[in-house]
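Each reported figure results from applying straightforward, stated rules to the coordinates on display, with no laboratory input. On a predicted model such as this, the values are computed, not experimentally measured, just so you know. For neighbour counting, all protein chains shown are included, and Cβ atoms are generated from backbone atoms with ideal geometry for every residue, glycine included.
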Amino acid sequence: MSQAGDSRAGHAMGVDDLYRVERVLAEGVEGRTELVTLDGSGPYVRKRIPRGRVRRMAWAALADCQSSRLPHVLASYELPDSFVVVLDYVEGPTLAEVVAERDRLPLGEAARTVRELCEAVTDLHVRHVAHCDVSPTNVVLAADGAHLIDLGNARPVPFHEEGVERAFGTFGFAAPEQQGANRVVTVDERSDVYALGRMLGYLLTGVDPSTRAYADALDDERLVPSAVRGVIRDACAFEPSHRVATARELADAVEAAESGIPASSPIAAPAAPEGEGRTPSRLRLLLRPATILALAATACALAAAWLLVTGAGRAGGDGSDAGGTDAASDASWLSGAVSGAASDGDGAGEASSAPSAAASQAEEDLELVDTGYFVSPSGYIHYAFGIDNSSEDTLYEYPTVLVTGRDEDGEVLFSDTMVSSVARPGETSWCAAQGGNGNAPAEVEFQLSTGDCVASTVSPDEMPVYESSVPREVSDGLGGTAFVGEVALVRDGIDLSAPATQLMVVIVLRDASGAIVCGDSAFVTRPAEGASVSYETLGGDVPEYATAEAHVLPWF
């Protein structure tokens, strides 16, 4: 490990030590989940996930979700062997505990709970992620209703995987297609619809759907009215194409059946769920300034330790994790992560002699060459920038750009830190993200910092070659704009000092003069050599533009 890598790992471990563990909520091969406090503040939920089990797509989507019934991430950082995420804690029992105590729930309460869960999964579904483990142990029943937790099994949709060693999700609630018949798993949004239908049956009967007694209990008219039973069976059809199509439709069908309307009556899909006044999340950034400083008197220590976090407050969050599968893998890269330590293995050539020398050389070789941004109606910015590396054989990891928003008087409104994974020799590397805190800036400044760069010597012939199609504009289904396309790995090679497992697809929008007017991004799994992978950005408001271009950035 390089000196810079040692320093980064040391800082992150210092951050980790500031939390006090009150109790362990769950522990297993997927990681460890703890209830922690920070200098008297909290409690919070801290999840420690082995780095090889981090699921980036799920947390990228969660970053933009508006529902208060999904987890809210306060901080995340990298340790040498694990990724750590800190979430706010929701007080309340799990649905499993509630049903164990009360035997079952009355129709009104059960229907309301399932509709609230439909709201949560719909927010994930419009961002092309399925939760894949909607089960009683993953729902906290708080004073304000149901909260869906634990994204450890979440998958991008549509999802298809062959050679599956084991099923995932909670048996009895997980859809048949998640069980890995013939070692093949295929998942889409209807997999969550199945689990929601089973959840409704479980809440009304108090019987575990994995047992033989469940079918008999479901047929008991005293427990499950026939109209509701019809909705449950439509949601839980074995063949996905025979199910209720979406969680939105399921929520409407449940409400109609509860009111006595036959389940076969036409159901109108409701409008997309509103954010109920909550400001958009800032989690799409890969690094954030230390907004957790307000949580404790140790603010200065945290800042010095490079705790870089997201800062959009909202109600909701994660509760205790007990039972279920993959209980502690509920975290991923999330924006805001402190950069991982550089490997000293067979990575990108030879590390330079000292971090200070690398930083000094990077200051000469790296230049911020192009920047631009768009202020959305919500007051947040969507920006893009390019970092040009004039060196012919030196690759730099962790170049940092400070993004500062100012008002008309020049006063600071927000300050975000964006850390790029790499600046490749002889190329311009691009980054794009969402920033700000909801206060619309009059101007935005971009400042490049090379103080934390790690340098490696590499020949351009050793680097991988990526190709991307021209991004195509599509509707995001919510009145906004998303971009789709494909990325191919034409030739494999050395990306980073640690193996790249993900790619950031950077979308740059320009006006007729060539100026950047907006930026967006998507994360995809790095394809094999000669293969390609499709991408879709998360969508939202974009300004008028003349051209759209896609760039590829390797990521851990």
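Values as computed for the structure displayed
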| quantity | calculated |
| --- | --- |
| Low-density loop positions, GluC sites (Glu not before Pro), segment 81-110 - DSSP coil, at most 13 other Cβ in 10 Å | 91 |
| Sorted by Cβ neighbour density within 10 Å, fewest at the top, the residues 70, 250, 368, 79 | 368, 79, 70, 250 |
| Difference of contour (0.36 nm per residue) and Cα-Cα distance, residue 103 to residue 212 | 37.5 nm |
| Peptide ranges 534-540, 519-525, 489-495 listed from the most packed, as the mean C-beta count within 10 angstrom indicates | 519-525, 534-540, 489-495 |
| Sequence ranges 505-511, 412-418, ranked by mean other-Cβ count within 10 angstrom, highest first | 505-511, 412-418 |
| Residue order, fewest to most surrounding Cβ atoms within 10 angstrom, among 406, 190 | 406, 190 |
| Neighbour-count order for 128, 242, fewest beta carbons within 10 angstrom listed first | 242, 128 |
| Value of D in µm² per second that Stokes-Einstein yields for segment 114-208, Kirkwood Rh from Cα pairs, at 4 °C (1.567 mPa s) | 96 |
| Separation in nanometres of the label points that stand 7 Å from Cα toward Cβ, at residue 445 and residue 222 | 7.4 |
| Base-10 log of normalised Debye intensity for segment 489-548 (one unit scatterer per alpha-carbon) at q = 0.20, 0.25 Å⁻¹ | -0.84, -0.99 |
| Inter-site label distance for residue 51 and residue 378 at 7 Å from Cα along Cβ, in nm | 3.1 |
| Cα-based convex hull, segment 398-556, per residue volume (Å³, whole number) | 131 |
| Principal axis box of segment 70-129, alpha-carbon based, largest edge first, Å | 48, 30, 17 |
